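First the structure, in the form of structure tokens, and then the observations on it.
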Amino acid sequence: MEARAILRHARIAPRKVQIVLDLIRNKPTDVAMAILKNTPKAACEPLEKLLKSAIANAENNHNMDKNNLYVAECFVSPGPTMKRIRPRAQGRAFRVLKRSSHITLVVKEHE
């Protein structure tokens, strides 16, 4: 049995999220929450919210015990990229890519 939470169109680049996801993969949820609270990365704030959501889904929708949960899977895939223009010297324009992410977090119960 598993419970999942998905965050779509998060306005942060996938490679920045991946660094933090590697820290919490296969950890118990309380340890993962502590890691997210104490890591100074921009991705921690939305991931903390997402983890709380996954725990709540497990508790309310699947009747799991929240003390036995762990982060079974977590992955990020690129979302749509917004293209913006940055003015440069001599009338040129440089393209700025504002990347977004789709983040999925799956929690399971220890057997």
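Just a few scattered comments:
- Most mobile listed residue (84, 92, 11) in the chain, GNM with C-alpha springs under 10 Å: 92
- Taking 87, 14, 46 as the candidate residues, the one with maximal mean-square fluctuation in a Gaussian network model of the chain, Cα springs under 10 Å, is 87.
- Protein accessible area in the chain, 1.4 Å probe - carbon and sulfur %: 49 percent
- Signed unit charges on C-beta, dipole axis of the chain, positive-most listed residue 75, 17, 1: 17
- Contour minus Cα-Cα distance for residue 65 and residue 84 (0.36 nm per residue): 2.2 nm
- Taken about its Cα centre, the chain carries a charge dipole of about 1360 debye when Lys and Arg each add +1 at the Cβ and Asp and Glu each add -1 at the Cβ.
- Calculated FRET efficiency for the pair residue 75/residue 34, C-beta based, R₀ 22 Å, to 0.05: 0.55
- Under Karplus coefficients 6.51, -1.76 and 1.60, residue-wise ³J(HN,Hα) of region 92-109 in Hz, glycine/proline x: 7, 10, 9, 8, 10, 9, 9, 8, 9, 10, 10, 10, 10, 10, 10, 10, 10, 9
- Only lysine pairs 8 or more places apart, or on different chains, with alpha-carbon atoms under 13 angstrom apart are counted in the chain, and they number 8.
- Accessible area (Å², per residue) of the chain, counting only protein heavy atoms and a probe of 1.4 Å: 65 Å²
- Within the listed set 82, 64, 33, the Gaussian network model of the chain (springs between alpha-carbon atoms below 10 Å) gives the highest mean-square fluctuation for 82.
- The calculated FRET efficiency for the pair residue 96 and residue 25, based on their C-beta separation and a Förster distance of 35 Å, comes to about 0.65.
- Inter-label distance for residue 6 and residue 41, nm, one decimal - labels placed 7 Å from Cα along Cα-to-Cβ: 2.3 nm
The values are calculated or read from the model by the stated rules, or taken from the named source; none is laboratory data. Since the model is a prediction, treat every value here as computed from it, not as a measurement. Cβ sites come from the backbone with ideal geometry, for glycine too, and all protein chains shown count toward neighbours. Remember, those area values only see protein heavy atoms, side chains included, never the ligands or the DNA or RNA. Shrake-Rupley method; radii C 1.70, N 1.55, O 1.52, S 1.80 Å.
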